[in-house]
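The structure under discussion appears below in the form of structure tokens.
The values are calculated or read from the model by the stated rules, or taken from the named source; none is laboratory data. Keep in mind that what you see is a predicted model, and the values were worked out from it rather than measured. Ideal geometry is used to build each Cβ from the backbone, glycine not excepted, and the neighbour counts take in all protein chains shown.
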Amino acid sequence: MEMPKPGDAHKKLAALVGEWTGDETLHPSPWDPAGGGAQAQVTNRWVADGFALVQEYEQRRNGRVSFRGHGVFWFDPTRDEYVMHWWDSMGGSAGEYRGRFDGDVLLLSAPMPQGGHSRTSWRLTGPDAHTFLMEVSPDGQAWQRAMEGRYRKAVARRASSKAAKRSKPTRSAKAKSARKPARAAKPARARSAKKAAASRKRSTRKTSTRRR
């Protein structure tokens, strides 16, 4: 029996695969009245031979881990929907999110365990960057932003950082370039001194000959 292979619907999730880092904005909400900024690290990897995607998420605020989450994405062909099951450090499962792609945006929604509704969207802006938005609603009609994030692939960040370092001259390089003119001038001064000495010798010989 030939094993099935992931189709085009599964491959759309490939844009999320990789290690990502980014800055986040948490808007005031019932579970975070003050809101504020945060930093996140996200790792997405294929499992089950490309039929599912696993996400490991870690958020930091003020230099300390404030939240962790674990998600599993997959495609449900019976309902033609993408599904994300989510568990986190807020107390367990946050439910089952379902939805579809709208252009380059993956939009998933779910009822919240404590009441109300939640929806999440990933805008896949390119192979090395994407944005995330989480919204909440009491009735599924009026939505309020809860969190926004902008992420870049960790490899892309390291590559751009290395390129910047290579293009910036180091202190040793600057020192070497500053010393080069002085080194080049030494032979010229030496030649001038030799010529002066030779001229003095010739002058001395002529004077000695005249005296004789």
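A few notes on this one:
Rundown of residues vs (1) touching a Pro at 6+ places or on another chain (Cβ under 7 Å); (2) more than 16 Å from G18 (Cα to Cα), yes/no style:
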| site | (1), (2) |
| --- | --- |
| A34 | yes, yes |
| G37 | no, yes |
| Q41 | no, no |
| V47 | no, no |
| L53 | no, no |
| M90 | no, yes |
| G99 | no, yes |
| V105 | no, yes |
| P111 | no, yes |
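- Residue in the stretch 64-78 that is touching a Gly at 6+ places or on another chain (Cβ under 9 Å), closer than 28 Å to P4 by Cβ, in contact (Cβ under 8 Å) with a residue 12 or more places away in the chain and not in a strand (DSSP E or B) present: yes
- Of the residues in the stretch 194-204, not one is within 27 Å of T21 (Cβ to Cβ), at pLDDT below 90 and assigned to a helix (DSSP H, G or I).
- Hits in the stretch 110-146 - residues which are surrounded by fewer than 18 Cβ atoms within 10 Å (Cβ to Cβ), small (G, A, S), in a strand (DSSP E or B) and over 24 Å from the mean Cα position of the chain (by Cα): S137
- Qualifying residue in the stretch 132-155 (condition: modelled with pLDDT under 90 and closer than 30 Å to G18 by Cβ): yes
- Condition met for V83 (hydrophobic (A, V, I, L, M, F, W, C), exposed (fewer than 15 other Cβ atoms within 10 Å of the Cβ), part of a strand (DSSP E or B) and assigned by TED's automatic domain parsing to the domain that holds A14): no
- Residues of the stretch 24-37 satisfying the condition of being under 23 Å from the mean Cα position of the chain (by Cα), surrounded by fewer than 19 Cβ atoms within 10 Å (Cβ to Cβ) and in a strand (DSSP E or B): T25, G36, G37
- When S93 is tested against (1) part of a strand (DSSP E or B); (2) closer than 27 Å to P127 by Cβ, exactly one condition is not met: (2).
- One residue stands out among those in the stretch 86-103 that are modelled with pLDDT of 95 or more and either touching a Ser or Thr at 6+ places or on another chain (Cβ under 6 Å) or closer than 28 Å to G35 by Cα (or both): the one that is surrounded by the fewest Cβ atoms within 10 Å (Cβ to Cβ), which is R98.
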